[in-house]
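What follows is a short report on a single structure.
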Amino acid sequence: MTTVTFTVPPSWNTETPMTELSCEATTVGEALTWFCDRYPVLQKRFMTDDRRIAAWALVCLNHIDVRTLHGLDTPITHPGSEIQLLAALMGG
């Protein structure tokens, strides 16, 4: 297992303090499960009810969209890896 740290938008306030945003995981899916279990109110911002990455969200591992890798099965192999969680911006 490798330690992975999460980066989330500052506007994602929760009732639970968002400290120690890191966990041990072997895949992005494992890391996101940990995050969703710890901060369930935030799950809807980037995951569907069946825990898939939402179409309106961006989940990156070390600044690479995991959809272009292996999705939730993307392995986390590098110490100090970072998962960035972003809600997609819309405009026109």
**Asked** Just checking, how many residues over the range 46-71 are in a helix (DSSP H, G or I) and crowded, with 17+ Cβ neighbours inside 10 Å?
**Response** 1
**Prompt:** Glu82 versus (1) among the charged types (D, E, K, R); (2) at pLDDT below 90; (3) part of a strand (DSSP E or B): which is the lone unmet condition?
**Reply:** (2)
**Prompt:** Can you tell me which residue in the range 33-46 is farthest from Thr2 (Cα to Cα), limited to those that are in contact with a strand residue (DSSP E or B) (Cβ under 7 Å, 6 or more places away or on another chain) and modelled with pLDDT of 90 or more?
**Reply:** Cys36
**Request:** Scan the range 49-70 residue by residue and report those that are at pLDDT below 95 and at positive phi.
**Result:** Arg51
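So in the range 26-45, with the set limited to residues that are within 26 Å of Pro79 (Cβ to Cβ) and of a type in the set (D, E, K, R), which one is surrounded by the fewest Cβ atoms within 10 Å (Cβ to Cβ)?
Asp37
The values are calculated or read from the model by the stated rules, or taken from the named source; none is laboratory data. Everything numeric in this text was worked out from a predicted model, so none of it was measured. Neighbour counts are summed over all protein chains in view; Cβ atoms, including those assigned to glycine, are modelled from backbone coordinates with ideal geometry.
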